[in-house]
Amino acid sequence: MGYLLRLSKVQWVWLVGSLAIGAALVTVGWVLEPKGDQTLPSFTTAMSIRDIAPKLDVTGKALARDLRLPLDVPKGKPLAKLGIAQSDLDRAAAHLLGYQSGPLKYYVFAALVLWGLVFLIRLGRPDGSPSAEQKTWYPRAPYVVALLIAVAVCGFALGKSPNPMEGAVKVFKSMVGLYPSVWEKVAALGFFLGLAVVGNKLVCGWACPFGALQELLYSLPFFRKTKRRKIPFLVSNAIRGTLFAAMLLLLFGVVGGRKGFVLYHSINPFNLFSFDFDELLVLITVVVASGLALLIYRPFCQFICPFGLISWLAERLSLTRVRVDTDRCNQCGACVQACPLDAAKHKVAGTLFAADCFSCARCLNVCPQEAISYRVVFAGRPPGEEVALQTPEK
């Protein structure tokens, strides 16, 4: 409450306005979301892949892959004659239907990113607040609330799809013929990348449900000494990049000789939000990633997530991000210690391809020189941050 009372009138306008726009976005998504009981289609093994695939909004190749059949299997032949049991068909249909969703979740993602953007740029530091109050800037509560909404709404309430990870993978799946429209999947990836570029990886840091779950677990006050040790970015990114390359080689049949194998399907933690654990490895991934998140910052994002890799590259284009004023920075290392990754260290050093920054705001209230801010790349410091350097007394 004390933080809110210190906000200026202009900041209150930003606060109320951003919440109103966010609520409007969610309302539009709610209106556009299909209503009423959605009757699931029933399928039998007397039907063929050609009969069933259009009703699942996938290609015949995608259904064949989920039925564990070769992609070039005869699509007009009854499934029973292909050796498919009814239980196998039910499992595959349920899995593919789990990837279908209405537009509401996209609007919630946008609303959460908007809130994070406004908070980091205009609300985190009360206008005119003196340096003596630095530790109260960028309070954790607004961030934690956004994370809880991401897990509860973008996760459990609205299911596993869509999400940034699938947005990245589905583009390549459509290229190999597992979805009927490549451009539809490109548009979905473009949406998530757009959110990542508007605010530096904000969609990952503030809106992605599994990313939010890892952030919440890491924030628990356990294993603090262990958390001070960071995995070198070159190691984590090399693993993440290798997995991504392996996915492409397997998906396109360059390795294995069989197109359509998606490496990430068996390690997709977003299945947690639909309680889809048909594959044991998925459950193991969720348990291991969640356990490691108590010790390591966002382990799935660092080591595995393909969208994390793509959005790391897109960070070079981010319109708003953490910026370091090199004229003020005295290399004291306070931000490096506060940052859970190598991002702050790389930003201070001016590294071109710095480590992932999830816009978590941990570094924004620790710099004794006030050399760090979150702002638009082509703008100066926002109101309330034009504080001159202190000149030492003679």
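The values are calculated or read from the model by the stated rules, or taken from the named source; none is laboratory data. The structure displayed is predicted, hence computed values, not measured ones. Virtual Cβ from ideal backbone geometry, glycine too; neighbours counted across all protein chains shown. Just so you know, the surface numbers come from the protein's heavy atoms only, side chains and all, with ligands and any DNA or RNA stripped out. Shrake-Rupley method; radii C 1.70, N 1.55, O 1.52, S 1.80 Å.
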Filter the stretch 338-353 for residues that are modelled with pLDDT under 95 and part of a loop (DSSP other than H, G, I, E, B); the one that is surrounded by the fewest Cβ atoms within 10 Å (Cβ to Cβ) is Leu352
Of Tyr138, Tyr106, Tyr99, the only residue that is modelled with pLDDT under 90, of a type outside the set (Lys, Arg) and either open to solvent by 10 Å² or more (accessible area, probe 1.4 Å) or in a helix (DSSP H, G or I) (or both) is Tyr99
When (1) at pLDDT 95 or above; (2) buried (at least 18 other Cβ atoms within 10 Å of the Cβ); (3) closer than 30 Å to Phe273 by Cα; (4) not aromatic (Phe, Trp, Tyr) are applied to Glu315, the one that fails is (1)
The lone condition Val235 fails out of (1) at pLDDT 95 or above; (2) in contact with a Leu (Cβ under 9 Å, 6 or more places away or on another chain); (3) closer than 15 Å to Asp356 by Cα is (2)
Picking from Ile84, Ile121, the residue that is out of contact with any Pro (no Cβ under 8 Å at 6 or more places or on another chain), of a type in the set (Val, Ile, Thr) and at pLDDT 90 or above would be Ile84
Here, helices (runs of 4 or more DSSP H) confined to the stretch 218-331 with at least 2 residues that are under 19 Å from the mean Cα position of the chain (by Cα) and without any contact (Cβ under 8 Å) to a residue 40 or more places away in the chain are 280-292
Within the stretch 122-163, the residues that are among the β-branched types (Val, Ile, Thr) and either under 15 Å from the mean Cα position of the chain (by Cα) or under 21 Å from Ala334 (Cα atoms) (or both) are Thr136, Ile149, Val151, Val153
Among Gly241, Gly260, the single one that is touching a Leu at 6+ places or on another chain (Cβ under 7 Å), closer than 15 Å to Lys170 by Cα and open to solvent by less than 30 Å² (accessible area, probe 1.4 Å) is Gly260
Apart from one, (1) in contact (Cβ under 8 Å) with a residue 60 or more places away in the chain; (2) more than 19 Å from Ser311 (Cβ to Cβ) all hold for Val153; the odd one out is (1)
- Query: Is it true that Leu112 is within 29 Å of Asp276 (Cα to Cα) and more than 29 Å from the chain's Cα centre (by Cα)?
  - Reply: no
